1. Could you give me the residue pairs with C-beta distances under 7 Å whose first residue belongs to the stretch 77-92 and is assigned to a loop (DSSP other than H, G, I, E, B), whose second residue is surrounded by 10 or more Cβ atoms within 10 Å (Cβ to Cβ) and of a type in the set (S, T, N, Q) wherever it lies, and which are 6+ apart or on separate chains?
2. May I ask you to list the residues in the stretch 29-54 that are under 15 Å from Val95 (Cα atoms) and either of a type outside the set (Gly, Ala, Ser) or modelled with pLDDT under 90 (or both)?
3. Which members of the stretch 41-72 meet the condition of being under 15 Å from the mean Cα position of the chain (by Cα) and loosely packed, with under 13 Cβ neighbours inside 10 Å?
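The values are calculated or read from the model by the stated rules, or taken from the named source; none is laboratory data. The structure presented is a predicted model; accordingly, all values stated were derived computationally and were not measured. Here the Cβ positions follow ideal geometry from the backbone for every residue, glycine too, while neighbour counts run over all protein chains shown.
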Amino acid sequence: MAREAAKAKAPKNKTNPNRGVIRVAHSDARCKGKKGMATRQERLAEFMSSGEPPAEICEILCEDHNGTYMPPFLGRFTHGLWRNSKTGERVEVSVVGWRPPRALGRRLHVRTAAA
């Protein structure tokens, strides 16, 4: 019994498997009176997902075994692949939606080509 008590008092592992992942919450209009995370369909409804993605910088909605989320960077669809718009690195997870960038509490630094 003392052994069980010692186990109960041992510090728990505080690592977070979702560290660095931004989950998409409800939009303000639908969030009133609703608690919890948005469903997959609610998140997808806020993004475009059919047709050819634009070549412009977009907010992207990704999906993996944990669910859907927005990465903390903007994406660009070039040569059939989604890439991080700032670093050019390939997005390794499935991109299931995209939309034009919105400044909703995040600072977006979008560079435009000089004309």
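1. Val91/Asn84
2. Arg40, Gln41, Arg43, Leu44, Glu46, Phe47, Met48, Glu52, Pro53, Pro54
3. Gln41, Asp64, His65, Asn66, Pro72 - these are the residues of the stretch 41-72 that are under 15 Å from the mean Cα position of the chain (by Cα) and loosely packed, with under 13 Cβ neighbours inside 10 Å.
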